[in-house]
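Worksheet: the structure to be examined is printed underneath.
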């Protein structure tokens, strides 16, 4: 634990959907003095996200669904193009992302590759996100997909080059998706450069 931080009080402000807490803590500054601070932190659990890639066709699987917070902040339709993702729900990240992939896209994965972990909004949200890549092909077993319960998820298959271009045009604005698409493209470019040397 960090000796420069002493938690003093935690107050639950809301637990309707997930948990929003106000945290009061003492923080030791670089000059050695202590300062009492208060922050709010939203705890929704940890999550996982994945980009499915068909290396033969160089296509990727993305989803499109309504996201209320984006609608409230200027996204006129509220629809967002994203990589498949979901909360861990007390599962290991690899297990959770395989489940989420089948629920959202219908694809049944046999193997996934972890590529990174990241805190996506560390100023206010506790969530840590686990990032994965997986291959798919025309032969990959696929069920209905589309999400569960109230989810209405559209599954998109796009050329990777188009997904990269959609980041530049603003058609893709989701942070986790941008990270995965750019990671995959950078990996391709690195592999191509290594083949030329």
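Helices in the chain, meaning DSSP H runs of at least 4 residues, each add -39500 (n - 2.57). Divided by all residues, the mean residue ellipticity at 222 nm is -8000 deg cm²/dmol.
Beta bridges per DSSP, both residues in the chain: antiparallel share near 85 percent.
The angle between the Cα long axis of helix 93-105 and the main principal axis of the chain comes to about 50°, on a 0 to 90 degree scale.
Most tightly packed first, judged by the mean number of other beta-carbon atoms within 10 Å of their residues, the peptides 47-56, 168-177, 184-193 read 47-56, 168-177, 184-193. Taking other C-beta atoms within 10 angstrom as a stand-in for reagent exposure, 155, 125, 60, 181 fall in the order 125, 155, 181, 60, fewest first.
Our estimate of slack between residue 33 and residue 10, defined as 0.36 nm per intervening residue step minus the Cα-Cα distance, is 6.0 nm. Here 143, 129 are placed in order of increasing Cβ neighbour count within 10 Å, fewest first, which gives 143, 129.
Here the relative contact order of the chain, from alpha carbon pairs under 8 Å that lie six or more residues apart, stands at 20 percent. Using only the alpha-carbon atoms, how far is helix 160-169 inclined from the longest principal axis of the chain? Give it as 0 to 90 degrees, nearest 10. Result, in degrees: 50. Using alpha-carbon positions, what is the distance between the centroids of segment 117-184 and segment 1-57, in Å? Centre-to-centre (Cα) distance: 24 Å.
Between helix 175-196 and the chain there is an angle of about 50 degrees, using the helix long axis and the longest principal axis of the Cα atoms. Gaussian network model of the chain, Cα springs within a sub-10 Å range: biggest mean-square fluctuation belongs to which of 115, 12, 164? Taking springs between Cα atoms under 10 Å, the residue moving most is 12. Comparing mean-square fluctuations of 63, 105, 11 from a GNM of the chain with C-alpha springs under 10 Å, the top value falls on 11.
Considering only alpha-carbon pairs that sit under 8 angstrom and 6 or more positions apart, the relative contact order computed for segment 76-176 is 29 percent.
The GNM of the chain, with springs linking C-alpha atoms under 10 angstrom apart, assigns the highest mean-square fluctuation among 38, 57, 85 to 38. By the beta-carbon count within 10 Å of each Cβ, the least crowded to most crowded order of 179, 120, fewest first, is 120, 179.
Average 1/r across all pairs of distinct alpha carbons in segment 22-74, invert it, and you get the Kirkwood radius: 16.4 Å.
We did not get these values from a lab; they are worked out from the coordinates using the rules stated. Quick caveat, the model's predicted, so the values are computed rather than measured. Note that each Cβ is placed from the backbone with ideal geometry, even for glycine, and that neighbours are counted across all protein chains shown.
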